[in-house]
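The values are calculated or read from the model by the stated rules, or taken from the named source; none is laboratory data. These figures come from a predicted structure and were not determined experimentally. When we count neighbours, we look across all protein chains shown, and the Cβ atoms used for this are built from the backbone with ideal geometry, even at glycine. The accessibility values were calculated without ligands, DNA or RNA, using every heavy atom of the protein model including side chains. Shrake-Rupley method; radii C 1.70, N 1.55, O 1.52, S 1.80 Å.
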Amino acid sequence: MNKEQKRRVSVWTDFGKLEEVILHRPGKEMENLDPERLTELLFEDLPDLPQMQKDHDYFAKLLRDNDVKVHYIEELAGDLFDQRPDLKEPFVNKFLSESNLTPSITAIAKKWLMNLSSGKAMVDAMIAGATPEELGIKSDRSLILDPLPNILFQRDPFSTIGNGFMISNFTKSARKRESMFIDYIMRFHPDFTDATTYYKRTMPDSIEGGDVIVLNKQTILIGVSERTSAKAIQKLAAIIRSDSTTSFKHVYAITLPESRLFMHLDTVFAVVDYAKFIAHPILFADDIKLKITDYWPEMPITLSMSLREFLKFVLNTEPTIITCGDKSRLDAAREQWNEATNVLVIAPGKLIGYNRSPLTTAALRKSGVEVLEIPSSELIRGRGGPHCMAMPIRRAQTKCCPMPSNDCHSNC
């Protein structure tokens, strides 16, 4: 195996042929959701776990049927701790230190985790959380160690950027521990240690993977949202700029409303092929001017233009923008709520989406995009779609320009 084959991290555009992806199969953490704490844990409802797992398995099988290698975060982390038992104790110490437990409960939880039968069992328990009964203590609390239900959405804890990655510093305390697993995998797993670190979870400003879109080999788009700060984007751009091996030349920040409805850029915007996109009309209508800042120069440059004008400026060709919900403002709002724009592209012009956005799906198909639908009644209860659930770690590089006379093939 040569070095390029060993280094699995390689994503130079969000629409290249998907080769490898990281998922999390939902587990006991969904049964440890306390109805009285749903808002705190950032979940919308109590899912039916057997059906949720069935739907997720359908998603994973569809990926495999399309020649995508599927990794599970819990298996990667579990295998790492079995191969490197010396890493278990420092990881457990760090995980529990970020779990807001008392010293006495921390000691009990540490002993419980360290005595589990395998690395995978330990990781599963950390994600699931722990009841007083499991820890052998008496308490009036339903859970002592909080679960991590949002780890279902593997797009958020990190983002693959070229041959490197950034690890998220989550805004919400309920999610901060999620990025610990990929942090250890990227630092210590032999398949990933060649990747370049562009942002660490310990950096002071918040940034999340759902806001990061790799447009092509020269251009990265990042949403400034309620979860991602402009300061973090500026820092990330400076670090990538210092990498002499990268081909990137621009990091554009698109300012979004600070609302959970638009919590990440991928909830309102998606690349589906070269110069072809889905966008929410409330934010991206042709008459709406966006604040867009290029953080690549040492002195950032701020632009004011519509999404169409911006994409034409960046791509040097007229973009096709498919409207979420097609024509109606009400339909756009309803279908965006059902994650119509949160699709996972598995090849240029071919994507996976939920089976609950018929108008957007029809518009995509009319434009020549192949749409594969998956069941979603339980998966959607955490407010995330196929894009949220999957983190690509390897995509094939693609010649993506529409006309042979255009010289941008090498930049795609």
Subset of region 355-364, residues open to solvent by less than 40 Å² (accessible area, probe 1.4 Å) and more than 18 Å from L265 (Cα to Cα), comes to S357, T361, A363, L364
Do we have A77 as of a type in the set (A, V, I, L, M), within 19 Å of H24 (Cα to Cα) and buried (at least 18 other Cβ atoms within 10 Å of the Cβ) here? yes
(1) farther than 17 Å from S159 by Cβ; (2) in a loop (DSSP other than H, G, I, E, B); (3) in contact with a Gly (Cβ under 7 Å, 6 or more places away or on another chain); (4) of a type outside the set (K, R): which one isn't true of V272, the others all being true? (2)
Matching residues in region 313-344 - criterion: being in contact (Cβ under 8 Å) with a residue 60 or more places away in the chain, under 17 Å from L364 (Cα atoms) and part of a helix (DSSP H, G or I): Q336
Residue among A270, A275, A237 that is within 27 Å of M299 (Cβ to Cβ), touching a residue at least 40 places away in the same chain (Cβ under 8 Å) and not hydroxyl-bearing (S, T, Y): A237
Tally, over region 323-347, of residues that are under 13 Å from V271 (Cα atoms), touching a helix residue (DSSP H, G or I) at 6+ places or on another chain (Cβ under 9 Å) and either open to solvent by 10 Å² or more (accessible area, probe 1.4 Å) or of a type in the set (S, T, N, Q) (or both): 3
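Condition check: in a helix (DSSP H, G or I) and either open to solvent by 20 Å² or more (accessible area, probe 1.4 Å) or closer than 21 Å to Y198 by Cβ (or both). Does S159 satisfy that?
For S159, the condition - in a helix (DSSP H, G or I) and either open to solvent by 20 Å² or more (accessible area, probe 1.4 Å) or closer than 21 Å to Y198 by Cβ (or both) - is not met.
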The lone exception for L62 - which of (1) touching a residue at least 40 places away in the same chain (Cβ under 8 Å); (2) part of a helix (DSSP H, G or I); (3) among the hydrophobic types (A, V, I, L, M, F, W, C); (4) surrounded by 20 or more Cβ atoms within 10 Å (Cβ to Cβ) it fails: (4)
Which members of region 286-299 meet the condition of being loosely packed, with under 15 Cβ neighbours inside 10 Å and within 27 Å of G385 (Cβ to Cβ)? D286, I288, K291
For the subset of region 365-382 comprising residues that are farther than 30 Å from M30 by Cα and open to solvent by less than 40 Å² (accessible area, probe 1.4 Å), which member is nearest to the chain's Cα centre (by Cα)? V369
Being crowded, with 21+ Cβ neighbours inside 10 Å, without any contact (Cβ under 8 Å) to a residue 40 or more places away in the chain and in a strand (DSSP E or B), is that true of even one residue in region 178-199? no
State all residues of region 135-161 that are over 18 Å from E74 (Cβ atoms) and of a type outside the set (A, V, I, L, M); if no residue qualifies, say none. G136, K138, S139, D140, R141, S142, S159, T160
Residue count for region 138-157, restricted to those that are touching a residue at least 24 places away in the same chain (Cβ under 8 Å) and farther than 17 Å from R25 by Cα: 5
Return the residue satisfying two criteria in turn: it lies in region 162-173 and is touching a helix residue (DSSP H, G or I) at 6+ places or on another chain (Cβ under 7 Å) and not in a strand (DSSP E or B), and of such residues it is surrounded by the most Cβ atoms within 10 Å (Cβ to Cβ). S168
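Table: residues versus (1) among the small types (G, A, S); (2) modelled with pLDDT of 95 or more; (3) over 26 Å from K350 (Cα atoms); (4) not in a loop (DSSP other than H, G, I, E, B).
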site	(1), (2), (3), (4)
I240	no, yes, yes, yes
F248	no, yes, no, no
Y252	no, yes, no, yes
P257	no, no, yes, no
D266	no, no, no, yes
I282	no, no, no, yes
T293	no, yes, yes, yes
E298	no, no, yes, no
Suppose the filter is of a type in the set (S, T, N, Q), exposed (fewer than 15 other Cβ atoms within 10 Å of the Cβ) and in a helix (DSSP H, G or I); does N100 pass it? no
The residue that is farthest from I151 (Cα to Cα), considering only those in region 32-47 that are open to solvent by 70 Å² or more (accessible area, probe 1.4 Å) and of a type outside the set (D, E, K, R), is P35
Considering (1) surrounded by fewer than 17 Cβ atoms within 10 Å (Cβ to Cβ); (2) over 19 Å from A109 (Cα atoms), say which one D86 fails and leave the rest. (2)
In region 300-322, what count of residues is obtained for those that are open to solvent by 50 Å² or more (accessible area, probe 1.4 Å) and among the hydroxyl-bearing types (S, T, Y)? 3
When region 279-312 is checked residue by residue, the ones that are aliphatic (A, V, I, L, M) and in contact (Cβ under 8 Å) with a residue 60 or more places away in the chain are A279
